[in-house]
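Take a look at the structure below.
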Amino acid sequence: MKLTLRKYQHENDYWKIRQFLREVFLLNEHREIGWPVYRWDYWRWHVNENIFHFDLSAAIFLWETADGCLAAVLHPDGAGEAFLQVHPDFQSKELEVEMLSAAEMQFATTQAGGSQRLTVWAPETDFLRRDLLQRRGYVKGNHPEYQRRREMGQPVTDVPTPEGYTLRALGDLDEHPARSWVSWKAFHPDEPDEKYQGWTWYRNVQRAPLYRRDLDLVAVAPNGNLAAFCTLWFDDVTRTAAFEPVGTHPDHQRKGVGKALMAEGLRRIRDLGATLCTVGSYSEAAGALYASLGFTEYDLSEPWTKEW
């Protein structure tokens, strides 16, 4: 079938892509061969809005059928990266080659010596894409994303809340500074505090359509400071949920606070009717934590990099 390529045009395309990703996710039996809709929301309203600031009309490419149905979407995550979202009914060598060629032209970054560099992410089980990447000179990297999942029919692990800590949903706007600060310390433990850039970015996170404050959870330390956090995204269309992000302040790590908070999150999304929950991990420590909560099955999303 002849497909037409065009660029992202307006916010209607944002919603069209959300619908497309839901359909692909369901057709792929809830496997993250394409992005789940929560990740698209999180990228649009946090990763891009707060960090990379891509011009969406220049960074997102759509392939459509003659009647306007989406067949594929190409977009970055960060600089020098490309993600290919392809409807399973339209996957073909010809389409993949066209998308990879567009990615190399649009998303490659120039290195210090003048060479071009691009990383393309591919599911471990996507043998067509893996073969094409190898033929085009890409080399598989060593740090895949573990796309962990657990069926919500499993019992939720009974994790005691450490003494003196309390678990609850995030408060109103006046608690954004504290939420932002604990996030900074969790993900930048070795950075000087002078590099901290404030908290207003969190307003954009809450603009994402799937955001729910009752699923934006925090652990409060005995002294009243926020000690840990986890945000769950629940999609009632697919009845799936995902953790993104999860973190604990360095002063409160290895006490079981983060695990207790995630267990509370699992109970909440179970009660909402979720049938599946997912979480991504890269490090061995994170993988061990998630496995202890039942996230023992996983798929791999692998980075393939080419420099020319």
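Just so it is clear, none of the values below were taken in a lab; they were calculated from the coordinates. None of the values given here were measured: they were computed from a predicted structure. Methodologically, a virtual Cβ is constructed for each residue, glycine included, from the backbone with ideal geometry; neighbour enumeration extends over all protein chains shown.
Worth pointing out:
A quick yes/no check of all residues on (1) part of a helix (DSSP H, G or I); (2) closer than 30 Å to Val73 by Cβ:
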{"position": "Arg117", "(1), (2)": "no, yes"}
{"position": "Arg129", "(1), (2)": "yes, yes"}
{"position": "Gln134", "(1), (2)": "yes, yes"}
{"position": "Asn142", "(1), (2)": "no, yes"}
{"position": "Arg148", "(1), (2)": "no, yes"}
{"position": "Val156", "(1), (2)": "no, no"}
{"position": "Pro177", "(1), (2)": "yes, no"}
{"position": "Trp181", "(1), (2)": "yes, no"}
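- One residue stands out in region 266-276 among those that are on the phi < 0 side of the Ramachandran plot and without any contact (Cβ under 8 Å) to a residue 60 or more places away in the chain: the one that is surrounded by the most Cβ atoms within 10 Å (Cβ to Cβ), namely Arg268.
- Being part of a helix (DSSP H, G or I), of a type in the set (Gly, Ala, Ser) and under 20 Å from Leu95 (Cα atoms) holds for only one residue in Ala58, Ala66, and it is Ala58.
- Residues (surrounded by fewer than 17 Cβ atoms within 10 Å (Cβ to Cβ) and not acidic (Asp, Glu)) located in region 205-215: Gln206, Arg207, Pro209, Arg212, Arg213
- Members of region 105-124 that are touching a residue at least 40 places away in the same chain (Cβ under 8 Å) and either exposed (fewer than 13 other Cβ atoms within 10 Å of the Cβ) or within 16 Å of Leu5 (Cα to Cα) (or both): Gln106, Gln111, Ser115
- Qualifying residue in region 65-73 (condition: under 24 Å from the mean Cα position of the chain (by Cα), polar (S, T, N, Q), surrounded by fewer than 21 Cβ atoms within 10 Å (Cβ to Cβ) and more than 23 Å from Pro144 (Cα to Cα)): no
- Arg148 vs. criteria basic (Lys, Arg) and within 30 Å of Trp201 (Cα to Cα): yes
- Extreme residue, surrounded by the most Cβ atoms within 10 Å (Cβ to Cβ), among residues of region 25-57 that are under 22 Å from Phe107 (Cα atoms) and free of Cβ contacts under 8 Å to residues at least 12 places away in the same chain: Asn48
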